[in-house]
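The structure under discussion appears below in the form of structure tokens.
The values are calculated or read from the model by the stated rules, or taken from the named source; none is laboratory data. Note that the structure is predicted; figures quoted are calculated from it, not measured. Here the Cβ is made from the backbone with ideal geometry for all residues, glycine too, and neighbour counts use every protein chain on show.
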Amino acid sequence: MINEHLVLIGFMGSGKSSLSQQLGIALKREVLDTDVLISEKVGLSVAQIFEKFGEEGFRMLERNLLEELKSLKTPHIISTGGGIIMHNNFRGLGKVFYLRANFEVILERLSAYEFQKRPLLKDLQKAKELYLKRQVLYEKNADFIIDANGGLQKSLEQVLEYCL
Ligand code: ADP
Ligand code: S3P
């Protein structure tokens, strides 16, 4: 069993938060979600933080949180926001699993509510460009690549295969 944080990365809607919950149950490990932690700390939703402090404000909170997560003494499962790999201090956080899902699959998956939670999905043309740019970074930062185009159970089995 891997004795460091298990870190899920991938584009918005690839299933990081959902899968992290399942992994927590399967591996009996505590789960943390960077978006949730930031939101709780500031007392605002991610969308509200973007509105009030801009993307730069959100990124600063994300960068600071990475340091806190690195200093935790016990290994957790960490679900991350899709932009986490932009930070230099992301390196060294733990074993990284990239949930790779096609852009079209992600769009079909997300409800209107899920869209509205994610400010960077407002403009679909820009979101597609971001997806293409990010793909390279996710691959570069990944220890393992998970095919996340299918159901959650399928993704879960792949991750467990790597870490058990
Ligand atoms: P992320 O944390 O990567 O942004 P979420 O876990 O929040 O993604 O998932 C976004 C939405 O897609 C949720 O409504 C979730 O129920 C759904 N979802 C996630 N993974 C899958 C999957 N493998 N198959 C179908 N729907 C999924
Ligand atoms: C972002 C992804 C979001 C959230 C914020 C920015 C990104 O998290 O952190 O809206 O830059 O890709 P999810 O990947 O959980 O949607």
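Taking first residues from segment 17-41 that are of a type in the set (Ser, Thr, Tyr) and partners that are assigned to a strand (DSSP E or B) and crowded, with 19+ Cβ neighbours inside 10 Å, the Cβ contacts under 6 Å between residues at least 6 apart in sequence or on separate chains come to 17/33; 17/79; 20/8; 20/31; 20/77; 20/79.
Say whether the condition of being within 17 Å of residue 10 (Cα to Cα), part of a helix (DSSP H, G or I) and hydrophobic (A, V, I, L, M, F, W, C) is met by at least one residue in segment 134-146. There is at least one residue in segment 134-146 that is within 17 Å of residue 10 (Cα to Cα), part of a helix (DSSP H, G or I) and hydrophobic (A, V, I, L, M, F, W, C).
One residue alone among 99, 93, 72 is modelled with pLDDT of 95 or more, in a loop (DSSP other than H, G, I, E, B) and touching a strand residue (DSSP E or B) at 6+ places or on another chain (Cβ under 7 Å), and that residue is 93. Among the candidates 55, 67, the residue that is more than 11 Å from ligand 2 (Cβ to nearest atom) and among the acidic types (Asp, Glu) is uniquely 67. Of 84, 106, 77, all but one fail to be more than 12 Å from ligand 1 (Cβ to nearest atom), surrounded by 16 or more Cβ atoms within 10 Å (Cβ to Cβ) and of a type in the set (Val, Ile, Thr); the exception is 77.
All of (1) assigned to a loop (DSSP other than H, G, I, E, B); (2) away from ligand 1 (no atom under 15 Å from the Cβ); (3) at positive phi hold for residue 54 with one exception: (1). Pairs meeting the criteria (first residue in segment 135-164 and closer than 21 Å to residue 81 by Cα, second residue surrounded by 15 or more Cβ atoms within 10 Å (Cβ to Cβ) and charged (D, E, K, R), beta carbons under 6 Å, at least 6 apart or on different chains) are 143/95; 145/100; 148/100.
Taking the numbered list (1) within 17 Å of the chain's Cα centre (by Cα); (2) under 26 Å from residue 140 (Cβ atoms) in turn, residue 1 passes all entries but (1). Counting just the residues of segment 25-38 that are part of a helix (DSSP H, G or I) and within 13 Å of ligand 1 (Cβ to nearest atom), which one comes out nearest to residue 80 (Cα to Cα)? That would be 34.
Examine segment 89-106 for a residue that is more than 10 Å from ligand 2 (Cβ to nearest atom), among the charged types (D, E, K, R) and closer than 18 Å to residue 133 by Cβ, and state whether such a residue exists. Scanning segment 89-106, I find at least one residue that is more than 10 Å from ligand 2 (Cβ to nearest atom), among the charged types (D, E, K, R) and closer than 18 Å to residue 133 by Cβ, so the answer is yes.
When 59, 29 are screened for being of a type in the set (Lys, Arg), closer than 20 Å to residue 144 by Cβ and modelled with pLDDT of 95 or more, only 29 passes.
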